[in-house]
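The values are calculated or read from the model by the stated rules, or taken from the named source; none is laboratory data. This is a predicted model, so every value here is computed, not measured. Here Cβ is always computed from backbone atoms with ideal geometry, including for glycine, and neighbour counts include all displayed protein chains.
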Amino acid sequence: MEWKHDPSSSIAADELTNSQFFHGHKCPAMPQGLRAGHLAMDLLGVERARGGGELQAIVEIGDHHFSGCFADGVQFATGCTFGKGNIHKEPLGKFALTLVDAKTSRAVRVSARYERMSQCLAMPFFTERQRGVPPFALDPEVVEPLIADVMTRPWPEMFTVATFEQYPLPSVAEAFTAVQCTDCGEMVVTPYARELDGHRYCATCFGARAFRGRSETQAERPR
Ligand SMILES: [Zn+2]
Ligand SMILES: [Zn+2]
């Protein structure tokens, strides 16, 4: 199968607006994720995921760092979302997305170019953010031109791309059964339930029982 070498990566204005509503503020990293998602879908020749196991996304952002908003753009563009469970976070502190087509096992990894990212880091958007100004409180004149740049810049200046003909992807069956926890009475999906003396527990109550058992043993030990 041929790779599509001329991806259009065109994103409609209302997709940007709707994704900004979903994301909660205007910033350059979320649209960068939109572009990365569309680029990966274009190269794979796939449609946005509807939750039938068609696509799997892996994002490499970590926690508590600049431009983590990238992942929200990826979710909006690809339809791979936290709730559907078809996105996985590999916390490497990198701005990269791997999108896997489950049907063909082909994958595309889109990674933000160091040169462009480091230029952006020196711009007022990021220097102001570093001073503690929240993104929604920034002057639109600081934010809007950067977003326009992210939306229109030719993708080869923004991203490097790697393709995989056979990407290893474990297939996990979706669970449709659940049990009631003996202690708290809440529902817990069966693969997450723990069993003790013929009773089933959620992990929290199971852990509490194990902890109670341990402290009694420790109290008895000195005697
Ligand atoms: Zn953001
Ligand atoms: Zn419980």
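Take Ala210 and tell me if it is away from ligand 1 (no atom under 16 Å from the Cβ) and within 30 Å of Ala57 (Cα to Cα).
Against the criterion (away from ligand 1 (no atom under 16 Å from the Cβ) and within 30 Å of Ala57 (Cα to Cα)), Ala210 does not qualify.
Kindly indicate whether Ala173 is of a type in the set (A, V, I, L, M, F, W, C) and surrounded by 11 or more Cβ atoms within 10 Å (Cβ to Cβ).
no
Which one is surrounded by the fewest Cβ atoms within 10 Å (Cβ to Cβ) among residues in the range 18-69 that are of a type in the set (S, T, N, Q) and within 16 Å of ligand 1 (Cβ to nearest atom)?
Asn18
Please verify whether Ser118 is within 14 Å of the chain's Cα centre (by Cα), closer than 18 Å to Phe159 by Cβ, at pLDDT below 95 and not β-branched (Val, Ile, Thr), treating the condition exactly as stated.
no
Yes/no matrix, rows are residues, columns are (1) touching a residue at least 12 places away in the same chain (Cβ under 8 Å); (2) within 16 Å of ligand 2 (Cβ to nearest atom); (3) surrounded by 15 or more Cβ atoms within 10 Å (Cβ to Cβ):
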position	(1), (2), (3)
Lys103	yes, no, no
Glu115	no, no, no
Val133	no, no, yes
Ala148	no, no, no
Thr163	yes, no, no
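Which residues, counting only those in the range 179-198, are part of a loop (DSSP other than H, G, I, E, B) and within 11 Å of ligand 2 (Cβ to nearest atom)?
Cys181, Thr182, Asp183, Cys184, Gly185, Glu186, Ala193
Looking only at the range 118-129, count every residue that is touching a residue at least 12 places away in the same chain (Cβ under 8 Å) and of a type outside the set (A, V, I, L, M) and tell me the total.
6
Among Leu43, Leu39, Leu55, which is the only one that is touching an Asp or Glu at 6+ places or on another chain (Cβ under 9 Å) and away from ligand 2 (no atom under 16 Å from the Cβ)?
Being touching an Asp or Glu at 6+ places or on another chain (Cβ under 9 Å) and away from ligand 2 (no atom under 16 Å from the Cβ) holds for just one of Leu43, Leu39, Leu55, which is Leu55.
List every residue pair whose Cβ atoms lie under 9 Å apart, where the two residues are 6 or more positions apart in sequence or sit on different chains, the first residue falls within the range 61-80 and is touching a residue at least 40 places away in the same chain (Cβ under 8 Å) and farther than 23 Å from Asp101 by Cα, and the second residue, located anywhere, is among the aromatic types (Phe, Trp, Tyr) and part of a loop (DSSP other than H, G, I, E, B).
Note: pairs meeting the criteria are Ser67/Phe95.
Considering (1) surrounded by 12 or more Cβ atoms within 10 Å (Cβ to Cβ); (2) within 25 Å of His64 (Cα to Cα); (3) modelled with pLDDT under 90, say which one Ala210 fails and leave the rest.
That leaves (2) as the condition not met.
I'm checking my understanding of the structure. Among residues of the range 165-189 that are of a type in the set (Ser, Thr, Tyr) and under 21 Å from Gly51 (Cα atoms), which one is nearest to ligand 1 (Cβ to nearest atom)?
Applying the filter and picking the extreme gives Tyr167.
List, please: which pairs have Cβ atoms under 8 Å, are six or more places apart or on different chains, and start with a residue in the range 5-27 that is under 19 Å from Thr81 (Cα atoms) and at pLDDT 85 or above and end with one that is assigned to a loop (DSSP other than H, G, I, E, B) and away from ligand 2 (no atom under 16 Å from the Cβ)?
Gln20/Lys26; His23/Cys69; His25/Pro134
Looking at the range 170-204 only, could you name the residues that are among the β-branched types (Val, Ile, Thr) and within 19 Å of Lys84 (Cα to Cα)?
Selection gives Val172, Thr177, Val188, Val189, Thr190.
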